[in-house]
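To start, the structure under review is shown below, and the notes come after it.
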Amino acid sequence: MDFSLTEEQDMLRISARDFLAKECPKAKVREMYKDERGYDTQMWLSMAELGWMGLIFPEEYGGMAANFLDLVILMEEMGRNILPGPYFSTVALCALPLLEYGNSDQKTNFLRQIAKGEAVWTFALGEESGTYKASDVKLRALLEGTNYVLRGYKLFVTDAHVSDYILVVSRTGEGNSPEEGITLFIVDAKGPNVKMEAIPTIGGDRQFKISFDSVVVSKDNILGKIDNGWDIVNFIFQRAAVLKCAEISGACQSVLDITSSYAKERVQFDRPIGSFQAVQHKLANMLIDVEAVQYLLYQAACGISSGSPSPWQISAAKVKANEVYQRICIEAIAIHGAIGYTIDHDIGLYYRRVKAAEFVAGDTDLHREVISAALGL
Amino acid sequence: MDFRLSEKELALKEEIRKFAEAELPTDFVRNTLIDGEFRDFEFEITMSKKLAQRGWLVMSWPEKYGGRGASLFEQTVYEMEIAYWGIPGAWMGISGIQWVGPCLMMFGTEEQRDKYLPLIASGEKDGVWCTCYSEPNAGSDFASIQTRAVKDGNHYIINGQKVWTSAAHRARWCWLAARTASNVVKKHQGISIFIVDMKTPGVTVNPILNYYGRHHFNEVFFDNVRVPASNLVGEENKGWYYLMQSLALERRSIAPTIYGSLKWILEELASYAAQTEYEGQSLSRNSLVRAKLTDLVIDLEVLKIFAFQLAWQISQGQIPIYESSRNKIMGDDLMKRGAITGAEILGIYSQIDPDSKWAKLNGAVQGAYLGFPGQAIAAGTAEIEKSIIGQFRLGLPKSY
């Protein structure tokens with residue numbers, strides 16, 4: 001066993017932290033709340049120049065050939081600063097499956113674009129039921145002539161309004177199980193008959209309903225094999241769950257830092273409130289929570305990096321991260337007192353994003369079930 | 001970063017499994033949490049000797065003291081597996097292997113090392129130690145100890161009372177903290193550590209039974225006990241530093257031990273739930289049971305990583321600051337939740353005496369249920385450990 005990060009990983013963390021501290025202060029996060037696109041396109045290009053978009057792509061696709069753990073380290077820093085924008089949907093939800101399942105044309109065309117910061121992607125799975133089951137995928141794609149035609153709608157699609165492409169989970173057939181007959185299509189987000197309607201959320205992130213009213217998609221734009229798309233969905237879930245944990249881990253570290261600093265400065269009864277055990281012990285609990293998330297995250301990420309992902313370790317990280325993020329924000333607000341409840345304070349920015357993070361790549365119950373099954377329950 | 005065990009560590013795990021299957025009776029009652037190790041002392045010492053013969057008992061010690069220079073990762077795996085299989089006799093009265101030996105290696109004289117270390121490593125009764133720290137008026141506020149050691153020529157004369165002393169009734173030797181100076185600025189400055197032969201005149205051991213009537217700890221009286229000056233450990237009045245080292249060593253092994261015992265319990269509970277019918281279906285289909293066991297397994301995984309992270313840190317030559325406290329809080333909390341959830345799953349059977357033929361899971365759940373409140377206090381309460389994290393990791397002002 002080895003718990004050390006490499007020198008390159010330390011460098012990556014430091015440079016990401018410096019860049020985001022300068023380019024993405026909380027004032028920028030607040031400004032982006034009100035921005036029509038919801039992110040800074042200049043910053044997006046700078047991130048591409050730093051190599052962040054294609055961090056783990058091979059060099060032939062304009063990438064840096066880093067490993068999955070490196071991406072986790074980068075995304076912890078993004079979570080720490082609440083970086084607004086479509087990085088997660090583009091890289092975590094779409095670029096990774098493109099890299100794994102895309103054919104050579106798709107990889108050459110799309111990954112290079114992404115690496116240069118020239119394309120934004122998003123992933124459309126959820127529908128009315130709000131679950132993650134294959135049986136709930138109702139959007140149909142029918143073969144008409146040489147093309148597929150998509151009819152139906154998707155909900156909770158992040159950053160769809162700024163996306164160039166959407167990876168759409170569709171039903172193309174009926175098999176022995178609901179998982180059979182699922183296909184992923186690459187759809188032009190700005191093409192005809194793709195309609196979007198914003199779903200306002202408490203997190204300030206951008207989510208949409210997308211209607212596909214007879215959208216024609218070429219066979220060339222199938223990702224992977226026809227009817228075999230559910231494996232790709234599982235692949236996306238595993239990677240995206242870990243990367244969402246990375247953002248949560250960074251966010252939790254930041255919440256703890258902000259709150260323990262406050263507990264040292266805020267004086268009541270002539271003493272810093274951090275000297276009271278009722279406060280200090282809450283902070284100690286928060287620290288243990290933060291480290292629990294971080295180590296489960298790194299363990300899951302190392303599994304992926306070394307080519308042997310463990311589904312239950314991934315799920316353990318996501319369950320823990322979901323719970324800790326909520327708990328730590330609530331405790332942080334309590335320690336701050338009324339000031340933590342105001343719009344001017346940063347803690348609320350984190351708390352408002354708890355639910356947006358929780359339902360990405362499987363909610364707590366779904367991941368608990370993965371572990372229950374592994375236990376033989 | 002790499003979270004995988006090495007081939008060597010995996011092989012050790014397998015060897016211990018074979019050892020446990022060969023050496024332990026199948027109906028072995030797993031309730032060591034209630035009475036420590038000292039109920040069937042003869043059996044335990046037999047096992048200690050077998051562990052010593054395997055080269056496991058003090059595996060991480062250097063060869064010249066009876067060990068085999070194993071890594072701290074191997075040591076951690078060993079502790080986890082010993083607890084998982086419930087193998088008794090691995091701790092020799094707890095103190096000797098875990099901190100007396102290592103502290104003598106760090107601070108003892110060559111004469112002390114040559115005399116005491118091989119005894120511990122042998123697994124014989126003469127290698128069993130106890131540790132006399134707590135006193136009636138010095139628990140969490142441990143620097144307030146009043147037991148005194150006064151120099152008298154080539155001896156120290158010791159007077160005072162100790163309490164909650166595990167294994168004192170089995171121990172041949174005592175690792176004692178006593179006050180050697182009272183005219184000091186801070187009360188922790190005047191403390192020294194001594195080695196005391198428990199057969200010395202003036203040492204009296206009285207049992208204290210726990211609430212289940214089991215004899216694990218004791219009170220120990222020192223009445224004009226004469227100890228050779230050569231039994232002082234390290235320097236006079238520097239004892240606080242050695243104590244902190246010993247507590248860090250003790251707290252290190254708590255996480256692996258709890259991990260192992262709870263892992264066994266959770267696995268057994270999962271198969272018990274799968275085989276038990278409840279309201280027309282398997283109890284394991286019950287969503288509350290699933291959620292509780294799953295959450296425990298997640299935190300058990302955290303505890304495992306914490307345990308190895310601490311082992312890694314020490315083997316890198318870094319001095320742990322708050323990590324053993326973190327691990328102890330996590331471990332104690334898990335054992336509490338595991339015991340309570342286990343009892344809920346066993347339902348009405350959770351009230352059965354662990355030694356009874358009626359007990360499920362070899363009495364392990366009841367053992368944990370009766371044992372965790374005491375175990376959570378030993379070696380530092382959650383309140384003390386959280387204050388350590390607050391002060392030394394988060395940089396908060398001292399809270400007491």
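What follows draws every value from the coordinates through simple rules; no lab data is involved. Nothing here was measured: the structure is a model prediction, and the numbers come from that model. Glycine also receives a Cβ, built like all others from the backbone with ideal geometry; neighbour counts cover every protein chain displayed.
Compute log10 of I(q)/I(0) for chain B with the Debye formula, placing one identical point scatterer on every Cα and leaving out solvent, at q = 0.06, 0.09, 0.12, 0.14 Å⁻¹, to two decimals. Each listed q corresponds, in turn, to -0.24, -0.54, -0.97, -1.32.
Where does the protein assembly as shown land at 222 nm, in deg cm²/dmol rounded to the nearest 500, when only DSSP H runs of n ≥ 4 count, each adding -39500 (n - 2.57), divided by all residues? Working shown, then result.
Numbers: 23 runs with 347 residues, N = 777.
That comes out to -14500 deg cm²/dmol.
Order these by the 10 Å Cβ neighbour count, fewest first: A:35, A:18, A:70, A:346. Display every interim value, and only then the final one.
Details: A:35 15, A:18 11, A:70 21, A:346 18.
Least crowded to most crowded, the residues run A:18, A:35, A:346, A:70.
Work out the charge dipole of the protein assembly as shown with +1 on the Cβ of Lys and Arg and -1 on the Cβ of Asp and Glu about the Cα centre, then indicate which of A:129, A:202, A:256 is farthest towards its positive end. Farthest along the dipole direction, towards plus: A:256. Beyond 20 Å in Cα-Cα separation lie the following of the pairs B:263/B:336; A:107/A:219; B:50/B:336; B:50/B:304: B:50/B:336; B:50/B:304. For a modelled paramagnetic label at residue A:26, 7 Å from Cα along Cα-to-Cβ, the residues of the range A:66-83 in reach, with backbone nitrogen under 19 Å, are A:77-83.
Taking every alpha-carbon pair under 8 Å whose residues sit at least 6 apart, the range A:306-377 reaches a relative contact order of 45 percent. Scalar couplings 3J(HN,Hα) for the range B:214-219, obtained by applying the Karplus form with A = 6.51, B = -1.76, C = 1.60 to θ = phi - 60°, are 9, 9, 10, 10, 8, 10 Hz; x denotes Gly and Pro.
Taking the DSSP beta bridges with both ends in chain B, the antiparallel portion is around 85 percent.
What are the trypsin sites (Lys or Arg not before Pro) within the range B:41-78 that DSSP puts in a loop, where the Cβ has at most 16 other Cβ atoms within 10 Å?
When the trypsin sites (Lys or Arg not before Pro) of the range B:41-78 are filtered for loop state and at most 16 Cβ neighbours within 10 Å, B:54, B:68 remain.
Fewest Cβ neighbours within 10 Å first, please rank B:290, A:112 accordingly.
Working: B:290 22, A:112 17.
The order, fewest Cβ neighbours first, is A:112, B:290.
Relative contact order of the range B:48-200: 19 percent, from C-alpha pairs under 8 Å at least 6 residues apart in sequence. With each label modelled as a point 7 angstrom along the Cα→C-beta vector, the residue A:278-residue A:143 pair spans 6.9 nm.
Largest mean-square fluctuation among B:327, B:286, B:210, in a Gaussian network model of chain B whose springs join Cα atoms under 10 Å apart, belongs to B:286.
Between the Cα long axis of helix B:41-53 and the first principal axis of chain B there is an angle of about 90°, rounded to the nearest 10. In terms of other Cβ atoms within 10 Å, B:130, A:329 run from fewest to most in the order A:329, B:130.
Hydrophobic long helices, here whole DSSP H runs in chain A with Kyte-Doolittle means of at least -0.5 and Cα atoms spread over 20 Å or more along the helix axis, are found at A:230-265, A:277-305, A:311-336.
Can you pull the mean other chain C-beta count within 10 Å for peptide B:261-272? Could you put the intermediate results ahead of the total?
Working: counts 0, 0, 0, 0, 0, 1, 2, 0, 2, 4, 3, 0.
Taking all residues of B:261-272 together, the mean is 1.
The phi-based Karplus calculation (6.51 cos²θ - 1.76 cosθ + 1.60; θ = phi - 60°) puts the 3J(HN,Hα) values of the range B:80-91 at 5, 6, 4, 6, 4, 7, x, 6, x, x, 7, 10 Hz, whole numbers, x for Gly and Pro.
Using the per-residue mean of other Cβ atoms lying within 10 Å as a proxy for protection, in what order, highest first, do the peptides A:241-249, B:183-191, A:157-165, B:119-127 fall?
Working: A:241-249: 29.3, B:183-191: 14.3, A:157-165: 23.6, B:119-127: 20.9.
Descending packing order for the listed peptides: A:241-249, A:157-165, B:119-127, B:183-191.
Find the centroid of the Cα atoms in the range A:269-310 and in the range A:73-148, then give the distance between the two in whole Å. One Cα centre to the other: 30 Å. For a paramagnetic label modelled on residue B:244 (point 7 Å from Cα along Cα→Cβ), amide N atoms under 16 Å away belong, within the range B:180-222, to B:185-193. Listed by chain and number, the aspartates and glutamates whose C-alpha is less than 12 Å from the C-alpha of residue A:190, apart from same-chain residues fewer than 8 away, are A:164.
Out of A:53, A:75, A:43, any idea which swings most in a Gaussian network model of chain A, alpha carbons joined below 10 Å? Comparing A:53, A:75, A:43 in the GNM, the peak value goes to A:43. Which is farthest toward the positive dipole end of the protein assembly as shown among A:50, B:281, A:62, measuring Cα position about the Cα centre, with Cβ charges +1 (Lys, Arg) and -1 (Asp, Glu)? After comparing all options, I get B:281. Round to a whole angstrom and tell me the spacing of the C-alpha centers of the range B:150-199 and the range B:259-277. The two parts, judged by their Cα centres, are 44 Å apart.
A simple spin-label model places pseudo-atoms 7 Å from Cα toward Cβ; at residue B:114 and residue A:373 they are separated by 6.4 nm. Placing +1 on the Cβ of every Lys and Arg and -1 on the Cβ of every Asp and Glu, with no other charges, gives the range B:234-284 a dipole of roughly 280 debye about its Cα centre. When the charge dipole of the range B:7-127 is built from unit charges on Cβ atoms (+1 for Lys and Arg, -1 for Asp and Glu) and taken about the Cα centre, the candidate among B:77, B:57, B:102 whose Cα reaches farthest toward its positive end is B:102. Only Lys, Arg, Asp and Glu carry charge here, each on its Cβ (+1 for the first two, -1 for the last two); on that basis the range A:123-228 has a dipole of about 120 debye about its Cα centre.
Hey, got a sec? Which GluC sites (Glu not before Pro) in the range B:263-324 land in a DSSP loop and have at most 13 other Cβ atoms within 10 Å?
Loop-located and lightly packed - B:279.
Quick one: dipole size for the range A:7-119, taken about the Cα centre, charges +1 on Lys/Arg Cβ and -1 on Asp/Glu Cβ, in debye to the nearest 20.
Using only the charged Cβ atoms, the result is roughly 460 debye.
Mean per-residue shielding of peptide A:292-304 is 4, counting Cβ atoms of other chains within 10 Å of each Cβ. What angle do you read, to the nearest 10 degrees and between 0 and 90, between the alpha-carbon axis of helix B:364-375 and the longest principal axis of chain B? Approximately 30 degrees, to the nearest 10. For the protein assembly as shown, the calculated P(r) over all alpha carbon pairs, in 10 Å bins from 0 to the bin holding the longest distance, is 3, 12, 21, 21, 18, 13, 8, 4, 1, 0, 0 percent. Taking every residue in B:382-395 and counting other chain Cβ atoms within 10 Å of its Cβ, the average works out to 5. Give the cross-link partners of residue A:264 among the lysines, using a straight C-alpha distance below 30 Å as the criterion and excluding same-chain residues fewer than 8 apart. By straight Cα distance, residue A:264 reaches A:22, A:26, A:28, A:282, A:320, A:355, B:186, B:187, B:328, B:386, B:398. In chain B, the longest principal axis of the Cα atoms and the axis of helix B:323-346 are about 40 degrees apart. For the range A:107-228, the gyration tensor built on C-alpha atoms gives an oblate shape. Its axis ratio a/c (a ≥ b ≥ c) is at least 1.5, and a/b is not larger than b/c.
I'd like the distance between the alpha-carbon centres of the range A:161-201 and the range A:226-256, rounded to an integer number of Å. If you average the Cα positions of each part, the centres end up 19 Å apart. What is the calculated FRET efficiency for residue B:224 to residue B:7, with r their C-beta to C-beta distance and R₀ = 60 Å, to the nearest 0.05? For residue B:224 and residue B:7, the calculated efficiency is 0.60. Modelled label-to-label distance, residue A:359 and residue B:17, 7 Å Cα→beta-carbon offset: nm? It is 4.3 nm.
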